[in-house]
2 protein chains.
Amino acid sequence: MVEKRKPIPVSDAVGRVMERIHTAETETVRLEQAGGRWLAEPITADEAVPPFDRSPYDGFAVRAEDTKNAGRENPVTLRVIETVGAGHVATKTPRPGEAVRVMTGTIMPQETDAVIMFELTKELSDEEIQITRPFEPGDNVVKKGEEMQKGAEVLPGGERVHAGITAALATFGYSNVQVRKKPVVGVFATGTELLEPGDPLEPGKIRNSNAPMVVEQLKEAGAEAVYYGQLPDEFDLCLSKISGVLEDVDALITTGGVSVGDFDFLPAVYEKLEAEVLFNKVAMRPGSVTTVAFQGEKPLFGLSGNPSACFVGFELFAAPWLKAAMGAQKPFLQQADAVLGKSFPKPNPFTRFVRGHAFFYKGKLHAVPAGLDKSQVVTSLAQSNALIVLPGGTRGYEKGDPVTVFMLRSDGAAEFQEPVKEQT
Amino acid sequence: MVEKRKPIPVSDAVGRVMERIHTAETETVRLEQAGGRWLAEPITADEAVPPFDRSPYDGFAVRAEDTKNAGRENPVTLRVIETVGAGHVATKTPRPGEAVRVMTGTIMPQETDAVIMFELTKELSDEEIQITRPFEPGDNVVKKGEEMQKGAEVLPGGERVHAGITAALATFGYSNVQVRKKPVVGVFATGTELLEPGDPLEPGKIRNSNAPMVVEQLKEAGAEAVYYGQLPDEFDLCLSKISGVLEDVDALITTGGVSVGDFDFLPAVYEKLEAEVLFNKVAMRPGSVTTVAFQGEKPLFGLSGNPSACFVGFELFAAPWLKAAMGAQKPFLQQADAVLGKSFPKPNPFTRFVRGHAFFYKGKLHAVPAGLDKSQVVTSLAQSNALIVLPGGTRGYEKGDPVTVFMLRSDGAAEFQEPVKEQT
């Protein structure tokens, strides 16, 4: 007997999974280990930026008052009493007619209130400069707190640390950073047809590409993957293997075994474990058999054994749950509007997620399917940077139709092109 | 005396650096360690995909010939002689009137040439099924090599390994993968005004955010960073520190010290090292003082001490050189067309790279500056996902103008939205 399953819309399925977030604990890591981790705390400015009035140029710190009558016909001569590098503090206080030679970033010497760049002065000697125009108080001075007040929030938390965030963390003294612990995710592959990548091929068998792929997807999401190998083709062993590891993981991913084949044991395993099945049929292609169940707080992601369906199921359900568990503000794939580059004349009642290549051309994002569009084709995953979303319906799609794409990553460019300003 | 430097266009500067690529050697890593590394070899199919004729469904493998007269009024009964799971090979060869129960992925049993899904059969007993329509030879059979012929090229090499590539590598038995060795890049910060992130603030000093940022940028590019600390404020020590490490690195990055201040020693260091200076002034903001020199095959990237200028200089010059050295096909940042979200009325003769936030809205990419637009503001780097390129010229820019953006990363989305098909 073939079990009848009722498909639910993708957004309902995503919604059911995302209702069950269990936020990971925090841990402290060294700043240099924080890259790629999810911030568990806001970044706040422990000091103003800049922390003092400073010179933004190499030049001379002066009392603006001294320059007010300066002009081409009336050059003013100032005496240079000291040279101060960034990081040092002037030891002398200029009196009227005196200036201090300062470098970019130097704290403004007392009594000075303007900086004159080297280029705008004439150095008469090591100790005398001439100025031929007046300066106002505040000219070329970056005021304390001009960029950020002490205590201001730089980021609210929930971001993934990249180089720009590292710079902010360093600026505000976060030599230790609070991040979310990586959820530990167990991975099992199912299917006796599977060989490990190092094995020679055998008749009827194919190599296990799903497990290495999912392990890499887990790393990309920022989680910790533990690959437990393949599940045996025997129900009791399968059940005991799965129950055996549940204690050790925060989530479990299986690939394959969720369909209606004679050896698709996962549905029965969920039943035996008394796990709550959120859904076992989603109105999507590929991956309609994707199943998500919860045992207590732990999600059991039953991904399809079909490589593309497995990939899509992970990105739609597992990745957002894991990122949200790590406190991500933005746990979903970036969505963008694109122009469809190829017709899909055949309608499909289910929403399709087509592995695609998205690229910018003349002001618009275009998306074309990557390689062949068969759900079995693992090779096109290698060439995809986006999933093209074709909502289910009674009609197909035509080349040129507006579509939504889910961006998997931002591609590099082969050439550098400096844009030239169009003078209109 | 202030040295006069002649600015060169950004694309010329990039071109000069990219003429000097020295490709890194290859090394072999385990598949599970290959994520984020740059492929040094093409991926070729060591076997056809699929490697044999296979069933894409759970169903019955039949001789199509047997079904040719089947119809609603003329059901055909077939005898099921065996059940075969994926990964196994049928032990019996069906004679006329016989069928084999097969699971998704099973190798087609001898003499069978079509598969009938469970749903389209009526199971009379464990050993008999009834069919009410004919099937053609080849129906529901994925032919050997249908997705890829043996020996075909999946990827040419020069790609960075992501989960989709991992899947392809696994499929074709790459348990070991040839990748480019990570260039070892030394990093020095200059400036006595710098405190390390863990230090308490002192008058006149600021925290060193450039070195941690550059170290993270290096990791993001796939290179190996070695931070050597801060250079002293004394020329001879500075020179001996730099010469001391040159042997141990493939490239050297310094932050700060390339301007015309009294303690900007890098120009003199390059001279003393007899390094060839490719340029020391680029027509760009921020980062016009960015200097790149070569000592033999080793690039010395003299980035500005200003955090944003440092960031931009790294992304424009160091990252592409390093990625190209690792064999990258696409070493540059992705370029996209966007709509400018804010006016920049003041013209600038130099090309500006504005830290920005790019987002999709109603079919177009829009870009707005992130935070304040002062080159000192480290905090806006934390919020940027793009650099907005404003070519130099005699006029400013207006909100709504078309601009080019360099994408730093693909953002996530806060919400999942399943697009609904517009039925026109």
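Values in this text are rule-based calculations from the coordinates and carry no lab data. Bear in mind the structure is a predicted one, so any value in this text is a computation, not a measurement. Here the Cβ is made from the backbone with ideal geometry for all residues, glycine too, and neighbour counts use every protein chain on show.
Can you tell me which of B:191, B:256, B:105 moves the most in a GNM of chain B? Springs connect C-alpha atoms under 10 Å apart.
Looking only at B:191, B:256, B:105, the largest GNM fluctuation is found for B:105.
Quick one: of A:219/A:330; A:330/B:364; A:364/B:421; A:330/B:362, which pairs are farther than 23 Å apart, Cα to Cα? If you can, show how the numbers build up before the last one.
Numbers: A:219/A:330 17 Å; A:330/B:364 20 Å; A:364/B:421 20 Å; A:330/B:362 20 Å.
Exceeds cut-off: none, every pair is within range.
What ranking do A:54, A:37 get, fewest neighbouring Cβ atoms within 10 angstrom at the top? Kindly include the intermediate steps, with their values, before the conclusion.
Details: A:54 24, A:37 20.
Going from sparsest to densest Cβ surroundings: A:37, A:54.
Mind scanning A:92/A:144; A:241/A:298; A:323/B:323 and naming the pairs with a C-alpha gap bigger than 25 Å? Don't skip to the end; give the middle numbers.
Details: A:92/A:144 21 Å; A:241/A:298 16 Å; A:323/B:323 28 Å.
A:323/B:323, as the Cα separations exceed 25 Å there.
Which value, in debye to the nearest 20, gives the size of the charge dipole of chain B about its Cα centre, when Lys and Arg are +1 and Asp and Glu are -1 at the Cβ? Walk me through the numbers before you get to the answer.
Details: 45 positive and 57 negative charges, 294 e Å.
The dipole magnitude comes to about 1400 debye.
What distance in nm separates the simple spin-label points at residue A:79 and residue B:343, each placed 7 Å from Cα in the Cβ direction?
Once both label points are built, they end up 5.0 nm from each other.
At a 10 Å Cβ-Cβ cut-off, how would you order A:190, A:28, A:404, B:44, fewest neighbours first?
Values: A:190 27, A:28 12, A:404 20, B:44 15.
Ranking A:190, A:28, A:404, B:44 by Cβ neighbours within 10 Å, fewest first, gives A:28, B:44, A:404, A:190.
What does the convex hull of the alpha-carbon atoms of the stretch A:1-141 project to on average, in nm²?
Values: hull surface 67.8 nm².
The number I arrive at for the stretch A:1-141 is 16.9 nm².
Quick one: of the DSSP bridges fully inside the stretch B:334-407, what percent are antiparallel, nearest 5? Each step should come with its number before you reach the end.
On the way: 22 of 24 bridges.
Antiparallel bridges make up about 90 percent of those DSSP assigns within the stretch B:334-407.
For label points placed 7 Å from Cα toward Cβ, what is the shortest-first list of nm distances from residue B:361 to its copies?
Distances to the matching label points in the other copies: 2.7 nm.
Mind checking the log10 I(q)/I(0) for chain B at q = 0.10 Å⁻¹? Debye, one equal scatterer per Cα, no solvent, two decimals.
These q points yield log10 I(q)/I(0) values of -0.80.
Taking the dipole about the Cα centre of the protein assembly as shown, with the C-beta of Lys and Arg at +1 and of Asp and Glu at -1, give me whichever of B:155, A:189, B:201 is farthest to the positive side.
Result: B:155.
Hey, if you put +1 on the Cβ of every Lys and Arg and -1 on every Asp and Glu Cβ in the protein assembly as shown, which of B:369, A:142, B:331 ends up farthest toward the positive end of that dipole?
Toward the positive end, the furthest listed residue is B:369.
May I ask you to report, in nm to one decimal and beginning with the shortest, the distances from residue A:200 to the same position in the other copies, taking label points 7 Å along Cα-to-Cβ?
Reported distances to equivalent positions: 7.0 nm.
First check a/c for the stretch B:334-407, with a ≥ b ≥ c the square roots of the eigenvalues of its C-alpha gyration tensor; if it is under 1.5, answer rounded, and if not, answer prolate when a/b is larger than b/c or oblate otherwise.
Details: a/c = 1.67, a/b = 1.08, b/c = 1.55.
Oblate shape, in that a/c is at least 1.5 and b/c is the bigger or equal ratio.
Go through the stretch A:247-354 and name the GluC sites (Glu not before Pro) that are in a DSSP coil and have 12 or fewer other Cβ atoms within 10 Å of their Cβ.
Values: sites: A:247, A:271, A:274, A:276, A:297, A:315; in loops: A:247, A:274, A:297.
The qualifying sites are A:247, A:274, A:297.
For the stretch B:59-131, rounded, prolate or oblate, judged on the Cα gyration tensor with a ≥ b ≥ c (square roots of eigenvalues), a/c < 1.5 rounded, else prolate if a/b > b/c? Spell out each step's value before the answer.
On the way: a/c = 1.83, a/b = 1.59, b/c = 1.15.
The shape class here is prolate.
How large is the helix-only mean residue ellipticity at 222 nm for chain B, computed as the sum of -39500 (n - 2.57) over DSSP H runs with n ≥ 4, divided by its residue count, in deg cm²/dmol to the nearest 500? Could you put the intermediate results ahead of the total?
Numbers: 8 runs with 68 residues, N = 424.
Per the formula, -4500 deg cm²/dmol.
Which residue, B:266, B:322, B:246, has the most motion in a Gaussian network model of chain B that connects Cα atoms within less than 10 Å?
Comparing B:266, B:322, B:246 in a Gaussian network model of chain B, the most mobile one is B:246.
Indicate, rounded to the nearest 5 percent, the antiparallel portion of the DSSP beta bridges found entirely in chain B.
Details: 57 of 84 bridges.
Given both bridge residues lie in chain B, the antiparallel proportion sits at roughly 70 percent.
Let me have the relative contact order for chain A, percent, based on Cα pairs under 8 Å that are six or more residues apart. Kindly include the intermediate steps, with their values, before the conclusion.
Working: 946 pairs, mean separation 66.9, N = 424.
Over chain A, the number comes to 16 percent.
Hey, for residue B:133 with labels 7 Å out along Cα-Cβ, what do the inter-copy distances come to in nm, ordered shortest first?
Going from nearest to farthest copy, the values are 8.5 nm.
Is the C-alpha gyration tensor of the stretch B:224-364 telling us rounded, prolate or oblate? Criteria: a/c under 1.5 is rounded; beyond that, a/b larger than b/c is prolate, otherwise oblate.
Numbers: a/c = 2.55, a/b = 1.67, b/c = 1.53.
Cα axes put the stretch B:224-364 in the prolate bin.
In debye to the nearest 20, how big a dipole does the stretch B:334-407 give about its Cα centre with +1 on each Lys and Arg Cβ and -1 on each Asp and Glu Cβ?
120 debye
Pairs of alpha-carbon atoms within less than 8 angstrom and 6+ residues apart define the contacts here; what relative contact order does the stretch A:334-407 have, in percent?
On the way: 176 pairs, mean separation 35.9, N = 74.
The normalised contact order for the stretch A:334-407 reaches 48 percent.
Which aspartates and glutamates have a Cα less than 12 Å from the Cα of residue B:181, not counting those fewer than 8 places away in the same chain?
Once the sequence-local aspartates and glutamates are set aside, what remains near residue B:181 is B:25, B:27, B:224, B:250.
Checking the cross-link filter: which lysines have an alpha carbon closer than 23 Å to that of residue A:4, excluding same-chain neighbours under 8 positions apart?
Result set, ordered by chain and number: A:272, A:281, B:122.
List the residues whose amide H sits under 5 Å from the amide H of residue B:401, counting only those 5 or more places along or on another chain, with H placed 1.01 Å from N in the peptide plane.
Under 5 Å from the amide H of residue B:401: B:340.
Looking at the protein assembly as shown, what % of its DSSP beta bridges pair antiparallel, to the nearest 5?
Numbers: 115 of 169 bridges.
If I count the DSSP bridges inside the protein assembly as shown, around 70 percent turn out antiparallel.
Can you tell me which of B:227, B:174, B:361 moves the most in a GNM of chain B? Springs connect C-alpha atoms under 10 Å apart.
Result: B:361 has the largest fluctuation of those listed.
Counting only Cβ atoms, what residue of chain A lies nearest to the axis that sends chain A onto chain B, and how many whole Å off?
A:410, 2
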